[in-house]
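What follows is calculated from the coordinates using simple rules that are stated; it is not laboratory data. The shown structure was predicted, so the numbers you read here are calculated from the model rather than taken from an experiment. Counting neighbours? That spans all protein chains shown, and the Cβs are built from the backbone with ideal geometry, glycine included.
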Amino acid sequence: MFSITPFDMLTGFSSPFRERVYVVSDSQYSDYRKQQALEHISLLETRAADYQKHLDIINATVVELKKTHGLLPEASEPPKEAE
């Protein structure tokens, strides 16, 4: 947010991006921090879902390679039922 103050008119426009101090209420700051946290959480959840999708693909590829090359352990006989 950039605004011109009377002081800016006297000193010229040397740097419109110099540091400024903004005063906000505790509740506004708390709301801002909550909004930032929600955005960060959303980003992390999206990344986690993406990583999980790639992990599932990698695991499926490993299983397929093991099946193709006979590297899976032999299946044991199913337990016999009592007669």
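T46 versus S25, label points 7 Å from Cα toward the beta carbon: distance in nm?
3.2
Charges only on Cβ, +1 for Lys and Arg, -1 for Asp and Glu: so what's the dipole of the range 25-70 about the Cα centre, in debye to the nearest 20?
Result for the range 25-70 is approximately 280 debye, rounded to the nearest 20.
For the range 56-72, in order, what is each residue's ³J(HN,Hα) by Karplus, 6.51 cos²θ - 1.76 cosθ + 1.60 with θ = phi - 60°, in whole Hz (x at glycine and Pro)?
My calculation for the range 56-72 gives 4, 5, 5, 4, 5, 5, 4, 4, 4, 5, 5, 5, 4, 9, x, 9, 7 Hz in order.
Would you give the gap between the C-alpha center of the range 17-54 and the C-alpha center of the range 59-73, rounded to a whole Å?
Computed from Cα coordinates, the inter-centre distance equals 43 Å.
Full extension from V62 to Y32: what is 0.36 nm times the residue separation minus their Cα-Cα distance, to one decimal in nm?
6.3 nm
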